[in-house]
């Protein structure tokens, strides 16, 4: 999905130093690039097709050349007439290191090509078409997170009514939840593997800790939440702690699932049946469980802060020390639940 061009810079109108810089950037030749810069080449020079040196380096996945050009004050957001940026090139090249360098240099993610392809849509396209889908998925996740942050930074519609469901969906945290969650549901076999590895983790002493949360901004309504598990160091622990962050759990059999102390941050599990599940101590902030059934489940010590829990059935569930701060519990059934030590600060209850 890269812009259609020739595979080498066309430099008929450029000075020798600028021509050498573009060639070195496209080949990832750091020594030649540095010599060209010392000979007076302009870091923002572009070839006959309006492709900058930084774009050529990013297109080739040459992260060392990308860093050198950024250090030489190349414009990280320089665009061609086609609208393409170095970040778009790095995304389609699958260069995770280049993407990180460019984002750290304040590359904008709210830009689109002249053909209408957004930076995020390019990242999502690569998840389906990259030879390394896991790496593409990591890149897409990073771009999605930055897209949310940029959207929050420029938001102009923060004064919406929380009483209207349509308006509520436009609130920053709901936009974040919708944008960051995986597009496709987690496959049953992959989920079964995660559960089994987590069972080994818990059985060998990996549980019993607590989740610490960090917010990326001072404003709790706009900041993204990240989790850090704090548990006793157990060198004998086996398996792998379950990390289901931003996964879509549609269509999975979750009845009685055993995932204590797992991370379910940002998951989507609308109307799922989690009856009798053991989810003690989980991190489930910014998650969407609308209409889910938690009857008889163990949710003690779980963190559901800022989550969407409207219409959920918590009948007979263990909610001791569960955190529902700023969660939407409207029309939720809490009858016969153990709510000793439960926090409902800022929660919507009706």
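The values are calculated or read from the model by the stated rules, or taken from the named source; none is laboratory data. On a predicted model such as this, the values are computed, not experimentally measured, just so you know. Backbone-built Cβ (ideal geometry, glycine too); neighbour counts: all protein chains shown.
Looking at the range 233-244, can you tell me whether even one residue there is at pLDDT 90 or above, surrounded by 13 or more Cβ atoms within 10 Å (Cβ to Cβ) and not in a loop (DSSP other than H, G, I, E, B)? Within the range 233-244, one or more residues are at pLDDT 90 or above, surrounded by 13 or more Cβ atoms within 10 Å (Cβ to Cβ) and not in a loop (DSSP other than H, G, I, E, B). Annotation note: Cβ proximity below 7 Å between a residue of the range 49-71 that is in a loop (DSSP other than H, G, I, E, B) and a residue that is surrounded by fewer than 24 Cβ atoms within 10 Å (Cβ to Cβ) and modelled with pLDDT under 95 (sequence gap 6+ or interchain) occurs for 49/5; 49/10; 50/80; 50/81; 51/5; 51/80. Of the set (1) in contact with a strand residue (DSSP E or B) (Cβ under 7 Å, 6 or more places away or on another chain); (2) within 23 Å of residue 246 (Cα to Cα), all apply to residue 52 but (2). Any chance the range 202-215 includes a residue that's assigned to a helix (DSSP H, G or I), under 16 Å from residue 242 (Cβ atoms), over 14 Å from the mean Cα position of the chain (by Cα) and at pLDDT 90 or above? Among the residues of the range 202-215, at least one is assigned to a helix (DSSP H, G or I), under 16 Å from residue 242 (Cβ atoms), over 14 Å from the mean Cα position of the chain (by Cα) and at pLDDT 90 or above, which makes the answer yes. Taking the range 256-272 as the range and being modelled with pLDDT of 95 or more and surrounded by fewer than 19 Cβ atoms within 10 Å (Cβ to Cβ) as the test, the residues that pass are 256, 258.
May I ask you to verify whether residue 18 is buried (at least 19 other Cβ atoms within 10 Å of the Cβ) and either over 30 Å from the mean Cα position of the chain (by Cα) or modelled with pLDDT under 95 (or both)? Here the answer is yes, as residue 18 does meet what is asked.
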